[in-house]
Structures are given as C-alpha cells and as structure tokens.
Amino acid sequence: MAELTATPEAVAPGGSAAAPAILAFEGVVAGYGGGDILHGVSFEVPEHGLTCVVGPNGAGKSTLLATVSGLVRPRLGDVIFRGERLRGCTPRERLERGIVQVPQNHSLFREMTVRENVEMGAFLVRDRALVRRRLEQVVERFPVVAERLGAKAGSLSGGQQRLVEFARCLMLDPALVVLDEPSMGLDPRTLRLVFDTVRAMHADGRTVLLVEQNARAGLKLATHGVVLENGRVRFSGTGREVLDNPEIGALFLGGAARGG
Ligand SMILES: Nc1ncnc2c1ncn2[C@@H]1O[C@H](COP(=O)(O)OP(=O)(O)O)[C@@H](O)[C@H]1O
Ligand SMILES: [Mg+2]
C-alpha cells in the first residue's frame, strides 16, 4: 500500500477537480539545446488522481516527463512537487522524494534475473528487511514476477518485461508513478493486463501520471486528461471531458467518440 500523506480532508479518492496538486508544471519551457520543445506548459496533477497526457508523436510528452525525473532541466518555469520547486533537485533526490518513472523504452538489465532487477528498484532503501517485505508485496501483486523470479529478464516477453518494470518501480513505494507509453508494442491481451495494473496502482492510492499513445484507453482510465500539441497544452479537463470533446476526438483520438 502507498503511504497516504495528504491531510485527510484533502483526499479525494476519485481525484476530483478539488484535489490538491501533488505536481504542477508552471510555464515549463525546455528542450535539448537545439531549441525549445516545450513552449510554456502549465497544468496540475491532482494528488491520488490518474492524469493521462495524450498527443501526437513528437508533441513533447517524453520531454515533459524528463522534466519531472530531472533528466531535462526547464530553461524557464519549473516543476513543483508538493509545493516545492524541483529546480536544482537531482534525479536521485527526486526518487528519494517519491517520484518514480518507468521510461518509454525497456529498461531492464536483460542478463540479470527478474528478482535482481526488481530488487534494484529499492537501491535507495538501506533496510534489508524492508526490501524483503516490499519484494513479497510486489511478488503477490505481480504473478508473472513470482513465476519468473529466477529467469533472465531478457527471456521475458515485452509485456512481461513491462510488468517487471512496474514491479521494480513499486519497490520504492512511490507517491507519484510516472509512466511513459507503457502499452507500446503490446498485443491486445497484454495491453489489457498492463492497463489493469495501472488502474490497480492508482486504486492503491498512488498518484499516476501516464503518457499514452493509446489515447482512448488511457483517457478512459484517467481522472484527468491533458492534450499536448507542439509543446503546448491544447486542452485539459477530466478524462471524460477530453474524451467527449468533439474537436479533440477528431484531431487526436482518431475520430469523434462513439460512446463506450
Ligand atoms: N535527446 C534528444 N535530443 C534532441 N532532440 C530530442 C531528444 N529527444 C527528443 N527530441 C525531440 O524532441 C521532440 C519531442 O520529442 P518527445 O518528447 O520524445 O515527443 P513525444 O514523446 O510526444 O513523442 C521531437 O522533435 C524529438 O525529435
Ligand atoms: Mg514519447
């Protein structure tokens, strides 16, 4: 279980619009030296919500997430976590504060076992007994991890590797889980399993910031949705509002919503 650190009256389990922000982007301008990719991005990620960012390839979604993990530093603006500016905070300090990211590309050590990979997620935890306890909890939650603990990570399918990456990220008991296109390249059955797992992490009380190419499926899970286009927020609202917006549907979701 995640440790819920918000004050009781502030907790909105469904992540209502009134929920306080655990994370906020404030006028973030960022890029890679060759020029800006993000041109002043501002929105809030409500605590205990599931916020899904969608938008075309190249819109800057992964770059945005990199400003959260600390791999990309905003040229202007800042990312605020629990009311504190993250400018100047190293990637490691962000992990220590409870911000954990699963990157878009597979990130397991293929020649190491599933168990070693998952345990590595707890590298900041000194207390070995706590690591053992967390491993037990994670194994319980992810049957595939339990079954393949001794297998080399590289021998697993893409979907199984994704679940191991989820398991690894939970070893730090994060408050904010950041996921970059977790469903990429998965067959429909595995994709459902991955989405169910995202839903379960959210139901455990964790705040989830999800980027999804599979926009409709991601937004259906989400309490909040953000449409990013050319490094700018084009639209934001509840997941439902984004899904139901006819213009957004036509432009970004492969046609208008057809119910469901
Ligand atoms: N490491 C990098 N160095 C230079 N340019 C990059 C780098 N990563 C991404 N870009 C460029 O930034 C833009 C946005 O990329 P990205 O944030 O990955 O978009 P998305 O995740 O929405 O597909 C693209 O034009 C991409 O080519
Ligand atoms: Mg990306």
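The values are calculated or read from the model by the stated rules, or taken from the named source; none is laboratory data. Not measured: the values here are computed from a predicted model. FYI the Cβ positions are ideal-geometry reconstructions off the backbone, even for glycines, and counts take in every protein chain you see.
Determine whether ALA217 is in contact with a Lys or Arg (Cβ under 8 Å, 6 or more places away or on another chain) and surrounded by fewer than 18 Cβ atoms within 10 Å (Cβ to Cβ).
Criteria not met by ALA217.
So, in segment 126-135, exactly how many residues are assigned to a loop (DSSP other than H, G, I, E, B) and at pLDDT 90 or above?
Applying the first criterion (assigned to a loop (DSSP other than H, G, I, E, B)) to segment 126-135 yields 126-127.
Among the residues that remain, those that are also at pLDDT 90 or above are: 127.
Number satisfying all stated conditions: 1.
Could you list, in sequence order, all residues of segment 81-112 that are buried (at least 19 other Cβ atoms within 10 Å of the Cβ) and farther than 24 Å from LEU23 by Cα?
Residue satisfying the conditions is LEU108 alone.
Among the residues in segment 35-53, are any in a loop (DSSP other than H, G, I, E, B), surrounded by fewer than 23 Cβ atoms within 10 Å (Cβ to Cβ) and away from ligand 2 (no atom under 13 Å from the Cβ)?
Yes, segment 35-53 has at least one match.
Take ALA30 and decide whether it is away from ligand 2 (no atom under 13 Å from the Cβ) and surrounded by fewer than 22 Cβ atoms within 10 Å (Cβ to Cβ).
No.
Go through segment 180-213 and report how many residues are among the polar types (S, T, N, Q) and within 16 Å of ligand 1 (Cβ to nearest atom).
Matching residues across segment 180-213 total 2.
Looking at segment 54-63 only, could you name the residues that are in contact with a strand residue (DSSP E or B) (Cβ under 7 Å, 6 or more places away or on another chain), near ligand 1 (Cβ under 8 Å from one of its atoms) and either assigned to a loop (DSSP other than H, G, I, E, B) or more than 16 Å from GLY34 (Cα to Cα) (or both)? Write out each step before concluding.
Of segment 54-63, the ones in contact with a strand residue (DSSP E or B) (Cβ under 7 Å, 6 or more places away or on another chain) are 54-56, 59-63.
Retained after the next criterion (residues that are near ligand 1 (Cβ under 8 Å from one of its atoms)): 55-56, 59-63.
Scanning segment 54-63 gives GLY55, PRO56, ALA59, GLY60, LYS61, SER62.
Looking at segment 211-232, which of its residues are part of a strand (DSSP E or B) and over 29 Å from LEU170 (Cβ atoms)?
Filtering segment 211-232 down to residues part of a strand (DSSP E or B) leaves 211, 224-229, 232.
GLU229, ARG232, listed by residue number.
Just to be sure, is VAL208 in a strand (DSSP E or B), within 16 Å of ligand 2 (Cβ to nearest atom) and surrounded by 19 or more Cβ atoms within 10 Å (Cβ to Cβ)? Step through it out loud before you land on a result.
Working: in a strand (DSSP E or B): yes; within 16 Å of ligand 2 (Cβ to nearest atom): no; surrounded by 19 or more Cβ atoms within 10 Å (Cβ to Cβ): yes.
Criteria not met by VAL208.
So which residues in segment 63-80 are closer than 25 Å to ALA19 by Cα and either within 14 Å of ligand 2 (Cβ to nearest atom) or crowded, with 22+ Cβ neighbours inside 10 Å (or both)?
The answer is LEU64, LEU65, ALA66, THR67, VAL68, SER69, VAL79.
Of the residues that make up segment 81-93, is at least one within 16 Å of ligand 2 (Cβ to nearest atom), of a type in the set (Phe, Trp, Tyr) and outside any helix (DSSP H, G or I)?
Looking through segment 81-93, none of the residues is within 16 Å of ligand 2 (Cβ to nearest atom), of a type in the set (Phe, Trp, Tyr) and outside any helix (DSSP H, G or I).
Do any residues in segment 55-71 that are of a type outside the set (Asp, Glu) have Cβ atoms under 7 Å from those of residues that are in a helix (DSSP H, G or I) and within 10 Å of ligand 2 (Cβ to nearest atom), where the two are at least six apart or on different chains, and which pairs are they?
That search, which allows pairs on different chains as well, returns GLY55/LYS61.
Answer yes if at least one residue in segment 237-245 is of a type in the set (Lys, Arg) and touching a residue at least 40 places away in the same chain (Cβ under 8 Å), and no otherwise.
First pass over segment 237-245, keeping only residues of a type in the set (Lys, Arg): 240.
Add one more test, that the residue is touching a residue at least 40 places away in the same chain (Cβ under 8 Å), and what stays is none.
No: segment 237-245 contains no residue that is of a type in the set (Lys, Arg) and touching a residue at least 40 places away in the same chain (Cβ under 8 Å).
Quick grid of which residues meet (1) part of a strand (DSSP E or B); (2) crowded, with 21+ Cβ neighbours inside 10 Å; (3) more than 18 Å from the chain's Cα centre (by Cα); (4) at pLDDT below 90:
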{"position": "GLU116", "(1), (2), (3), (4)": "no, no, yes, no"}
{"position": "GLN137", "(1), (2), (3), (4)": "no, no, yes, no"}
{"position": "GLY150", "(1), (2), (3), (4)": "no, no, yes, no"}
{"position": "ARG168", "(1), (2), (3), (4)": "no, yes, no, no"}
{"position": "ASP196", "(1), (2), (3), (4)": "no, no, no, no"}
{"position": "ARG199", "(1), (2), (3), (4)": "no, no, no, no"}
